[in-house]
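These notes are about the structure you will find just below.
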Amino acid sequence: MYSNEDYLLELITDHGLITLDDINIYRSHLSGSQSLIELMIKEQRLTEEQVAKVCAESSSVDFIDLAHTPIAPDIFDAIPEDIVRRFQVVPVSESGGYLVVALADPLNFETLDTLPHIIGREITPVCATPSAIEQTIKHNYGSSDDDMDKSQEGLSWGGEEEGDAEANDAPIIKLVSHILVEAFKMKASDIHIEPMEKSLRVRYRVDGKLVEVDNHPRKLLPAIVARLKVMSGSMSIAEKRMPQDGRIQIQVAGKDVDLRVSSVPSNHGESIVMRILDKTALLLGLPELGFLSDDQDTVKEMMGLPDGIILVTGPTGSGKTTTLYACLNVINRPDKKIITVEDPVEYEMPGINQVMVKTEIGMTFAAALRAMLRQAPNIIMIGEIRDAETANIAINAALTGHLVFSTLHTNDAPSAVARLADIGVKKFLIASAIRAIIAQRLVRNLCPTCKAPAELSERELRMLNIDGGQMTDSNIYGAVGCEKCRTAGYRGRMGLFEILKVDDEVSHMINDDLSSPQLRKRARELGMRTLREDGIRKVLSGMTSAEEVIGVTMADGM
């Protein structure tokens, strides 16, 4: 309950409310996760109000009695319900442009620092008792237990409904289910369950940004980890010293969701990360990915080629695999045989033969590729080109009549040529086999509900190199924040794309051994649009903000 109990006990002692003997006596009676102050309050040696007033005085904030403080009903809309419950705070009023917020522990600097950033406005803290805050939340937002029960509706895994579990396991089952369902509701891509020194932190990655959503007692870690391992069906509960991987299949509100689970031992216990694989991503088309109409035409033209390699490049987490799946979804027809080799298989796609790499038994990318070519495919997708052997097999496949899709880790499209050369592929083979290279990054979409017209600052105009002519007929918007986007101002993500078509002229430049900067310069002269230039189009169209584009294209040499 209190962020710095030892310091607070010292303050309470200095005020003459308890003695050092009291502390020693009550400490000997502590049990479970109960704090010493909580025990003293329970045994009526202290009152909540006494503790709250000491907290208020030490922090130079006011103490208020919430039970006798009138609060306007509309003020509760100032902080989203999940934030209220997470931080155990109550909005009270507005004063001088500041939001007055009641909390039980004004010594909790994490709350004081984090809350203004989350709600997008400055706060004036006041102190109230924990029970008064809890009663105010329950009266104005409803019981959290009721909400958690509602959040479990429609969730099942492995054919087992949650209600079938043993009664004594119900609290942990309910908590784990709540974590999974809330992540799905928030459209998170990852769930991080991380043991800290004194707590268990839960964070979701939403639109590429990590958001802390809960803190639990660290003693819950073994039960939560065991529950998730049981749900995976393939992870050992007994093994806690080695990393493990597993997969969980659940249904949330009738929708199939796959979770890729990874456990790693840390200095405070096992850390769990779950990647949420929402199968609706398989249905994304090129427009949903962020391709504008002219780029859609270019990509469709490339996908219609009978042979060659189409590379998608970018750093980890830039959406390369999603783009490949979307391309395969477009060209997946009964008259085409498509085989993929992946590490691991993220999404199961109907009508496509998918092979998973298993290096421990010798099933490497290269070995899988050789076997795939004997299956007479039309189209091949390689999860990633990592070495010369894989690259050369892919190029040979492209030169013998196969259309090959793959990914590579480079910062821009022209650098992919140098990267392939670095791992041992000859330049003339690169020039002959590659048909297109697509570099990409992800930016957040402005929330369509709350985005508002905005003007670009002098810095943004300078950074994006936008002139007055480009501003004609533009629709520039900025992030605001509302309940639907959880005050972030953004909902969902889309790609910025840089497409290098390897035509005859570009092939000659590759054969002539031009450096990456030279190739980039000449490609731009031939019409290649850079990542930042694609971002500028999306800023001027009101799809994203200048801040987002600048942030993800800092390395883009304009």
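The values are calculated or read from the model by the stated rules, or taken from the named source; none is laboratory data. Quick caveat, the model's predicted, so the values are computed rather than measured. Glycine also receives a Cβ, built like all others from the backbone with ideal geometry; neighbour counts cover every protein chain displayed. Ligands, DNA and RNA are excluded from the accessible area calculation, which covers all protein heavy atoms including side chains. Shrake-Rupley method; radii C 1.70, N 1.55, O 1.52, S 1.80 Å.
What the table shows:
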{"item": "Qualifying residue in region 304-312 (condition: open to solvent by 40 Å² or more (accessible area, probe 1.4 Å), of a type in the set (Gly, Ala, Ser), more than 22 Å from HIS409 (Cα to Cα) and without any contact (Cβ under 8 Å) to a residue 60 or more places away in the chain)", "result": "yes"}
{"item": "Contacts under 8 angstrom Cβ, first residue in region 355-368 being on the phi > 0 side of the Ramachandran plot, partner not hydroxyl-bearing (Ser, Thr, Tyr), 6 or more apart", "result": "none"}
{"item": "Selection from region 330-345 of residues that are within 15 Å of ILE382 (Cα to Cα) and in contact with a helix residue (DSSP H, G or I) (Cβ under 9 Å, 6 or more places away or on another chain)", "result": "ILE338, ILE339, THR340, VAL341, GLU342, ASP343"}
{"item": "Boolean, GLY401 is open to solvent by 30 Å² or more (accessible area, probe 1.4 Å) and closer than 26 Å to GLY304 by Cβ", "result": "yes"}
{"item": "Test: residue in region 337-360 that is part of a helix (DSSP H, G or I), surrounded by fewer than 16 Cβ atoms within 10 Å (Cβ to Cβ) and either modelled with pLDDT of 90 or more or within 29 Å of the chain's Cα centre (by Cα) (or both)", "result": "yes"}
{"item": "Residues (of a type in the set (Val, Ile, Thr) and either touching a Gly at 6+ places or on another chain (Cβ under 7 Å) or surrounded by fewer than 19 Cβ atoms within 10 Å (Cβ to Cβ) (or both)) located in region 220-249", "result": "VAL230, ILE237"}
{"item": "Hey, VAL225 within 30 Å of GLN34 (Cα to Cα) and in contact with a Pro (Cβ under 8 Å, 6 or more places away or on another chain) or not", "result": "no"}
{"item": "Answer residue from region 420-431, given it is open to solvent by 50 Å² or more (accessible area, probe 1.4 Å) and without any contact (Cβ under 8 Å) to a residue 24 or more places away in the chain and is farthest from SER515 (Cα to Cα) among those", "result": "LYS426"}
{"item": "Qualifying residue in region 211-222 (condition: under 23 Å from PRO344 (Cβ atoms) and of a type outside the set (Ser, Thr, Tyr))", "result": "no"}
{"item": "Listing of helices (runs of 4 or more DSSP H) fully contained in region 513-558 that carry 3 or more residues being out of contact with any strand residue (DSSP E or B) (no Cβ under 6 Å at 6 or more places or on another chain), within 26 Å of LEU446 (Cα to Cα) and open to solvent by 20 Å² or more (accessible area, probe 1.4 Å)", "result": "531-540"}
